[in-house]
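Encoded as structure tokens, the structure appears first; notes follow it.
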Amino acid sequence: MLPRDVISTGPLILRPPVDGDTEAIVKTCDDPMTAWFLPRLPSPFGPEHARGYFDLAAERWEGGGAEFAITDNGQYVGSVGVRPPDHWGVAAIGYMVAPWARGKNVAATAVRAVTDWVFDHGVRRVELETSVENVASLRVAYKTGFREEGRRRDAKRLRDGRYVDMVSFARLEGDAAPAAEPYLPFFEGGELCDGVVRLVPMAVEDAADYHRMLADPTVAQYHFGPPGTLEDDERRCRYTGYWWVSGQRIELAIRDAVSGAFAGHLQLMEVVQSLGQAMVGYSLVPEYRGKGFMTRAVSMLVDWAFANTGLHRIVAGTEAGNAASHGVLERAGFSREGVHRALFVRADGTRVDDVAWSRLRPS
């Protein structure tokens, strides 16, 4: 049984919800982003539903869990709740933040405080689960010391009927929860641009262009692995935020800065933090070749990586006969390091050599 406490953490006060929170709760739950990621909420959400929430909050406290309103200067800015611990001392936490309070570290501050509080009251493990597409919630989990334990494919259903993958996290009593900065920070302003080329995170809207590009014979000849379906590529695009915030990889659409047209794909992948190393990979649609687009794109991304991450060494691999790709890397400042013999497997089963390249952080 968790006590009905009030928690003070930084500028925030966490307390049980009260009738005076009704209007703010209605606005929060009726917000499109809240409604999208919490599909079991009634939509539209009205005062009568808020009264039902107060009843559920009271039941949660009586059942051994907790339900807090997050307040700042006395005003409601979100909610955080804990399901009653089970027989093994395991509880689950969930949260939402009012639209007017997002981007202010509200959820991370509240989740960290409540998690520490339940540990103080005998809970030994706290679990957290969030959609692979809910980047803000993923950032909260990583920032508050929760460790990723796996993904549940098509585990929940969104309002449009589509099933979504969920990422499972947990934190154990005694786990360190450092306020670490992400290894791969997001681009300031959401993109990189030099006036000719724009680099933006891949989105579901790019899937069709990406799929058509990979189907082009001049691209497909250098693509290794079985071809994917459009559905596969849409799913891949939905993982862009998760891969980035978890420090695994960056997936970018290359766009014409003037027209906005899709010109290609660029990725920073195989990130090994202990080595400070990552790999670039790229493809360009035929109509944008020979214009310097890929050299600009690769140079921008590598320059950004050295300026904003702990990466020391960025590598690339190209098929021995892919002269155009060799030229991109040479112009982008990469040096040839050697050859991996018979590394790549073509569609017909034959093998070809891989030329290895690298570019090091400037000393």
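Could you count how many residues in region 340-352 are under 17 Å from TYR222 (Cβ atoms), open to solvent by 60 Å² or more (accessible area, probe 1.4 Å) and touching a strand residue (DSSP E or B) at 6+ places or on another chain (Cβ under 6 Å)?
Matching residues across region 340-352 total 4.
Among what's in region 184-195 and is open to solvent by 30 Å² or more (accessible area, probe 1.4 Å) and within 12 Å of the chain's Cα centre (by Cα), pick the residue that is farthest from LEU284 (Cα to Cα).
PRO185
Pick from region 210-224 the residues that are open to solvent by less than 50 Å² (accessible area, probe 1.4 Å) and of a type outside the set (Ser, Thr, Tyr): which of them is farthest from GLU287 (Cα to Cα)?
It comes out as ALA220.
Could you list, in sequence order, the residues of region 112-140 that are farther than 25 Å from ALA155 by Cβ, open to solvent by less than 40 Å² (accessible area, probe 1.4 Å) and of a type in the set (Gly, Ala, Ser)?
Residue satisfying the conditions is ALA113 alone.
Give region 296-316 a look and list any residue that's closer than 13 Å to LEU266 by Cα and out of contact with any Leu (no Cβ under 9 Å at 6 or more places or on another chain), or say none.
Scanning region 296-316 gives ARG296, SER299.
ALA170 is checked against (1) touching a Leu at 6+ places or on another chain (Cβ under 8 Å); (2) on the phi > 0 side of the Ramachandran plot and fails just one. What number does that condition carry?
(2)
Do you know which residues across region 160-191 are over 14 Å from ASN134 (Cα atoms), in contact with a helix residue (DSSP H, G or I) (Cβ under 8 Å, 6 or more places away or on another chain) and touching a residue at least 60 places away in the same chain (Cβ under 8 Å)?
ALA177, PRO182, LEU184, PRO185, PHE187
So which strands (runs of 3 or more DSSP E) stay within region 277-360 end to end and still have 1 or more residues that are closer than 21 Å to PHE262 by Cβ and not aliphatic (A, V, I, L, M)?
The strands (runs of 3 or more DSSP E) meeting that bar are 277-284.
Which of the following residues is of a type in the set (A, V, I, L, M) and under 22 Å from SER274 (Cβ atoms): ALA320, ALA305, ALA342, ALA347?
Among ALA320, ALA305, ALA342, ALA347, only ALA305 is of a type in the set (A, V, I, L, M) and under 22 Å from SER274 (Cβ atoms).
Please find, among SER246, SER259, SER363, SER274, the residue that is open to solvent by 70 Å² or more (accessible area, probe 1.4 Å), within 30 Å of ALA141 (Cβ to Cβ) and not basic (Lys, Arg).
SER274
Do we have any residue at all in region 153-163 that's of a type outside the set (A, V, I, L, M, F, W, C) and under 28 Å from TYR183 (Cα atoms)?
yes
In the set ASP175, ASP154, ASP116, ASP165, which member is assigned to a loop (DSSP other than H, G, I, E, B) and among the charged types (D, E, K, R)? So that I can check it myself, show each step before the final result.
Values: ASP154 fails: assigned to a loop (DSSP other than H, G, I, E, B); ASP116 fails: assigned to a loop (DSSP other than H, G, I, E, B); ASP165 fails: assigned to a loop (DSSP other than H, G, I, E, B).
Residue meeting the stated conditions: ASP175.
Identify the single condition in (1) open to solvent by 50 Å² or more (accessible area, probe 1.4 Å); (2) part of a strand (DSSP E or B) that GLU234 does not satisfy, given that it satisfies every other one.
Only one criterion in (1) open to solvent by 50 Å² or more (accessible area, probe 1.4 Å); (2) part of a strand (DSSP E or B) is unmet by GLU234, namely (2).
For ARG198, all conditions in the list (1) of a type outside the set (Gly, Ala, Ser); (2) outside any helix (DSSP H, G or I); (3) open to solvent by less than 50 Å² (accessible area, probe 1.4 Å) hold save one; what is the number of the exception?
Only one criterion is unmet by ARG198, namely (3).
Within region 141-178, restricting attention to residues that are aromatic (Phe, Trp, Tyr) and open to solvent by 20 Å² or more (accessible area, probe 1.4 Å), which residue is farthest from the chain's Cα centre (by Cα)?
Step one: filter region 141-178 for residues aromatic (Phe, Trp, Tyr), giving 142, 146, 163, 169.
Cutting the leftovers down to open to solvent by 20 Å² or more (accessible area, probe 1.4 Å) gives us 142, 163.
Numbers: TYR142: 10, TYR163: 18 Å.
It comes out as TYR163.
I'm trying to understand the selection: among the residues of region 294-339, which are hydroxyl-bearing (Ser, Thr, Tyr) and loosely packed, with under 15 Cβ neighbours inside 10 Å?
SER335
In the list HIS223, HIS265, which residue meets the criterion of being in contact with a helix residue (DSSP H, G or I) (Cβ under 7 Å, 6 or more places away or on another chain) and assigned to a loop (DSSP other than H, G, I, E, B)?
HIS223
Looking at region 205-218, is at least one residue of a type in the set (Val, Ile, Thr), at pLDDT below 95 and not in a loop (DSSP other than H, G, I, E, B)?
At the first step, the residues of region 205-218 found to be of a type in the set (Val, Ile, Thr) are 218.
Going one step further and asking which of them are at pLDDT below 95, we end up with 218.
Going one step further and asking which of them are not in a loop (DSSP other than H, G, I, E, B), we end up with 218.
Looking through region 205-218, at least one residue is of a type in the set (Val, Ile, Thr), at pLDDT below 95 and not in a loop (DSSP other than H, G, I, E, B).
Are there any pairs with C-beta distances below 6 angstrom linking a residue in region 288-311 that is more than 21 Å from GLY327 (Cα to Cα) to a residue that is outside any loop (DSSP other than H, G, I, E, B) and of a type in the set (Gly, Ala, Ser), with the two at least 6 apart or on different chains, and if so which?
So the pair list comes out as LEU311/ALA278; LEU311/ALA305.
The values are calculated or read from the model by the stated rules, or taken from the named source; none is laboratory data. Remember, it's a predicted structure, so these values are computed and weren't measured experimentally. Glycine gets a Cβ as well: all are built from the backbone with ideal geometry, and neighbour counts include every protein chain shown. Accessible surface areas use protein heavy atoms only, side chains included; no ligands, DNA or RNA. Shrake-Rupley method; radii C 1.70, N 1.55, O 1.52, S 1.80 Å.
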